[in-house]
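Student: I have a structure here, written as structure tokens, and I will follow up with some questions on it.
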């Protein structure tokens, strides 16, 4: 008959181990409930999304990065794959195990759709319901309970253009939240409103929406 050692709390090592494993499983399941789809689009500020990915992952969020074709001209998917510990979606027809298309799976499971940086083109796509790449398809198929947070970054004249402001108003009317842009020196050489909001503040706003 095997010997069973008793801990100082009166539980056997076997029982204690089971309880610890069960507690760990519950904690891991709680952590896994905060699913963020992070859309990264074609802005010079795309490199800042890597830091955003890292901060959100360290805050116990499951971050699934979706990059547009233009975003990949500024930063490679490898950085996001390493920081998020998940595959990066770069194409509408990316596949993984299982029968459900990856963009539908992400749209179904997301608690938050965060687009940072969000270009004028992407804002127009989201406002008008275009679905010609993975990110825009996820936005259109997004489950109704998911929140949307958009962090614009673009030339100041593009941001202030009536067409962009009309798109912003349409998205806000449908429940999307915006953070930024802020004023400062822009990569195009102009100074004005259009810089990506500080990464730490974006991460804080995203986590607040998940509470």
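Student: Given the conditions (1) over 19 Å from residue 153 (Cα atoms); (2) in contact with a helix residue (DSSP H, G or I) (Cβ under 6 Å, 6 or more places away or on another chain), report the number of the one that residue 105 does not fulfil.
Tutor: Condition (2) is where residue 105 drops out.
Student: Further question on the same structure: Are any of the residues in region 103-110 at pLDDT below 95 and crowded, with 22+ Cβ neighbours inside 10 Å?
Tutor: Yes, the conditions are met somewhere in region 103-110.
Student: Kindly indicate which of 139, 151 is assigned to a helix (DSSP H, G or I), touching a helix residue (DSSP H, G or I) at 6+ places or on another chain (Cβ under 8 Å) and under 23 Å from residue 52 (Cβ atoms).
Tutor: 139
Student: Another one. In region 61-71, is there at least one residue being under 18 Å from residue 151 (Cα atoms), modelled with pLDDT under 95 and in a loop (DSSP other than H, G, I, E, B)?
Tutor: no
Student: Additional query: Just a yes or no: is a residue in region 84-98 surrounded by 20 or more Cβ atoms within 10 Å (Cβ to Cβ), out of contact with any strand residue (DSSP E or B) (no Cβ under 7 Å at 6 or more places or on another chain) and within 20 Å of residue 199 (Cα to Cα)?
Tutor: No, region 84-98 contains no residue that is surrounded by 20 or more Cβ atoms within 10 Å (Cβ to Cβ), out of contact with any strand residue (DSSP E or B) (no Cβ under 7 Å at 6 or more places or on another chain) and within 20 Å of residue 199 (Cα to Cα).
Student: Assess whether residue 137 counts as being modelled with pLDDT of 95 or more, crowded, with 19+ Cβ neighbours inside 10 Å and over 14 Å from the mean Cα position of the chain (by Cα).
Tutor: yes
Student: Of all residues being touching a strand residue (DSSP E or B) at 6+ places or on another chain (Cβ under 6 Å) and surrounded by fewer than 16 Cβ atoms within 10 Å (Cβ to Cβ) in region 156-208, which is modelled with the lowest pLDDT? Just the residue, please.
Tutor: Only one residue tops the list, namely 185.
Student: Testing residue 57 on (1) within 24 Å of residue 171 (Cβ to Cβ); (2) modelled with pLDDT of 95 or more; (3) not in a loop (DSSP other than H, G, I, E, B), one condition comes back false. Which one is that?
Tutor: Of everything listed in (1) within 24 Å of residue 171 (Cβ to Cβ); (2) modelled with pLDDT of 95 or more; (3) not in a loop (DSSP other than H, G, I, E, B), residue 57 misses just condition (1).
Student: Conditions first: (1) touching a residue at least 60 places away in the same chain (Cβ under 8 Å); (2) part of a helix (DSSP H, G or I). Residue 159 passes all but one, so which condition is the exception?
Tutor: Here residue 159 clears every test but (1).
The values are calculated or read from the model by the stated rules, or taken from the named source; none is laboratory data. Predicted, not measured: the structure shown is a model, and the values here were computed from it. In this analysis, Cβ positions are derived from the backbone assuming ideal geometry, glycine residues included, and neighbour counts consider all displayed protein chains.
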